[in-house]
Amino acid sequence: MPADGSRSFSASYDQTTKIITAVVCVILVVVPVSTKIFVLAALGWLLIAVSYAYSPLGYAVSERSIVVRRLIGRVRIPLERVHEIRIATREDFRGCLRLWGNGGLFGYYGLFRTSKLGKCTWYVTNRSKAVVLITETKTALFSPDDVEGFLAAVRAEAPVAGASLAGVIEPRGGGLAWLGAAIGVVVIGIVTFAFSYAPGPPKLTLTAGSLAIHDRFYPVTLGAASIDVAHIRVVDLGVDTEWRTTKKTNGFANSHYRSGWFQVANGQEVHLYEAGGKRLVLLPPNGDGAAVLVEVGEPDRFVEEVQRAWSGRLKASASGK
């Protein structure tokens, strides 16, 4: 026991917390890496860091207080006018509603409401070891690994009639709670967008000298001189398997839409714009550039339109031969 008479208690994660934490961390890492959306990656890592910083790392009981140890700063709950300190039961968790807090990522902490306890503040990492502290005005939950030792330490420190649970945060850091919540909302929105984004085939602008492909992530304008006009054709990925993508090198991809740079089965790196269709227009380079594969509504008609618009290039190519 430390010289000041305080007693420390560790706090470990329950199985649900471990699973939720692992799944969320994988999503926040894998999605940004696979889509190469670096803003999402930064927000994801920041959300993980803030969530961990606010999670309970352990507890101490000393000087008539329970101290919750956190990376962001300690929370001290005075043990005055305590009405009850006991092991939590199943009834305590019935009708649980999270009002403002974290529901499994590195623990369960924040403001909750249950049918039996009403509004309560949680500093919990393992619900099977939860302890309920009820005072005259508020209620809090903790989850020390040594439940019996924690109860004995609190009962030894608590006065006969008990008190406020309003807790003093040391040091400052309340503003980061709002920041963490805001970041969480933004990250969830971006992740939802990344998985559900389905714009359909890109909009195109064809002129006598160029083709503009309007894409949110990888827009490009192709000059007619850079394309082998005579060999523009429709590629059927079900038949022309050498043009099937094998790897994304720098692009966006989900189950609905892909754009950017991809490697195909024949070993080439191509500029791809595909919205789930199997028939794409192949725009081969006139020289050492990269081929472009783009999905359009009517690929055969589009090939004719491009070759007609760039007919001057076709004639020049024919006369050069």
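The values are calculated or read from the model by the stated rules, or taken from the named source; none is laboratory data. Just so it is clear, the model here is predicted, and its values are computed rather than measured. Here the Cβ is made from the backbone with ideal geometry for all residues, glycine too, and neighbour counts use every protein chain on show. Remember, those area values only see protein heavy atoms, side chains included, never the ligands or the DNA or RNA. Shrake-Rupley method; radii C 1.70, N 1.55, O 1.52, S 1.80 Å.
Within the stretch 205-226, the set of residues being touching a helix residue (DSSP H, G or I) at 6+ places or on another chain (Cβ under 8 Å) and either of a type in the set (D, E, K, R) or assigned to a strand (DSSP E or B) (or both) comprises LEU206, SER210, LEU211. Here the stretch 1-32 is the region considered, the condition is being open to solvent by 50 Å² or more (accessible area, probe 1.4 Å) and in contact with a helix residue (DSSP H, G or I) (Cβ under 8 Å, 6 or more places away or on another chain), and the residue that is modelled with the highest pLDDT is TYR13. Residues that are hydrophobic (A, V, I, L, M, F, W, C) and closer than 19 Å to PRO219 by Cα number at least 1 in the following strands (runs of 3 or more DSSP E) confined to the stretch 231-317: 245-253, 258-264, 269-274, 279-283, 292-294.
Among the residues of the stretch 109-132, those identified as open to solvent by less than 10 Å² (accessible area, probe 1.4 Å) and hydroxyl-bearing (Ser, Thr, Tyr) are THR114, THR125.
Looking for something among the hydroxyl-bearing types (Ser, Thr, Tyr), touching a His at 6+ places or on another chain (Cβ under 9 Å) and either at pLDDT below 65 or closer than 30 Å to LYS278 by Cβ (or both) - is there at least one such residue anywhere in the stretch 221-235? There is no residue in the stretch 221-235 that is among the hydroxyl-bearing types (Ser, Thr, Tyr), touching a His at 6+ places or on another chain (Cβ under 9 Å) and either at pLDDT below 65 or closer than 30 Å to LYS278 by Cβ (or both). For the stretch 241-289, residues that are on the phi > 0 side of the Ramachandran plot, surrounded by fewer than 18 Cβ atoms within 10 Å (Cβ to Cβ) and within 31 Å of the chain's Cα centre (by Cα) total 1.
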